[in-house]
Amino acid sequence: MAGICAVSLGIGGLFALMGYWPVLPFAGLELAALGAALAVSMRRSRYREVVRFAGDAIGVEVGEVGRGAGLRIQFKRSLTRVLIERGPHANSPTRLVLSCGGQRLELGRCLTDQEREQLGARMRQLIHPGWHRTSTALAAGPG
């Protein structure tokens, strides 16, 4: 950010010396907008969702780095389902949902649809490992 500020204000200063002084306020506005965007981006990059599989429990912690978990939920592993739901509109992103009884928790809001599909498939394998047959077992046929 300091480098961009130095270059932008240096060029703006040269224009101001040539008599084009209105360049400086606009350069300042541009740098303020860039600084705000950078601050928002850095804050959002601290968001974490941690899923732990331990015995018959699935623990989910949601929070920010440095602040600890703001939300902690436990699901019973044998009753938990992993759902990929369509969004409310045609162009809305899909939603990855853990569901157990009456509890529902959406995960992976910052992921793409393809990444959510891959994460959902991997979580299904981890939650119910005996229900998943590998492609090599299917190709070999009954033995």
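Side notes on the structure shown:
- Among V40, V23, V50, the residue with the largest mean-square fluctuation in a Gaussian network model of the chain, with springs joining Cα atoms closer than 10 Å, is V23.
- Kirkwood Rh, angstrom, the chain [1 / mean 1/r, Cα pairs]: 19.6 Å
- Across A57, A27, A69, mean-square fluctuation computed from a Gaussian network of the chain (C-alpha pairs under 10 Å connected) peaks at A27.
- Per-residue ³J(HN,Hα) for the stretch 80-95, Karplus 6.51 cos²θ - 1.76 cosθ + 1.60, θ = phi - 60°, Hz, x for Gly and Pro: 7, 10, 10, 10, 10, 10, 6, x, x, 10, 4, 9, 6, x, 6, 10
- The stretch between H89 and A2, if pulled fully straight at 0.36 nm per residue, gains 27.1 nm over its current Cα-Cα span.
- For the chain, a Gaussian network of Cα nodes joined below 10 Å ranks L111, L38, L126 by mean-square fluctuation, and the top entry is L38.
- Computed lengthening from L126 to A33, 0.36 nm per intervening residue step minus Cα-Cα distance: 29.1 nm
- Summing Lys and Arg as +1 and Asp and Glu as -1 over all other residues whose Cβ lies under 13 Å from the Cβ of G55 gives a net charge of +2.
- Shown here for the stretch 13-72: chymotrypsin sites (Phe, Trp or Tyr not before Pro) in loop regions (DSSP other than H, G, I, E, B) with at most 14 other Cβ atoms within 10 Å, namely Y20.
- Two tests apply to each whole DSSP H helix in the chain, Cα reach of 18 Å or more along its axis and mean Kyte-Doolittle hydropathy of at least 1.6, and the ones passing both are 2-17.
- For T80, residues with placed amide H under 5 Å, excluding near neighbours: none
None of the figures in this text is laboratory data; all of them are computed from the coordinates on show. The structure presented is a predicted model; accordingly, all values stated were derived computationally and were not measured. Positions of Cβ are generated from backbone atoms using ideal geometry, with glycine treated the same way; all protein chains shown enter the neighbour counts.
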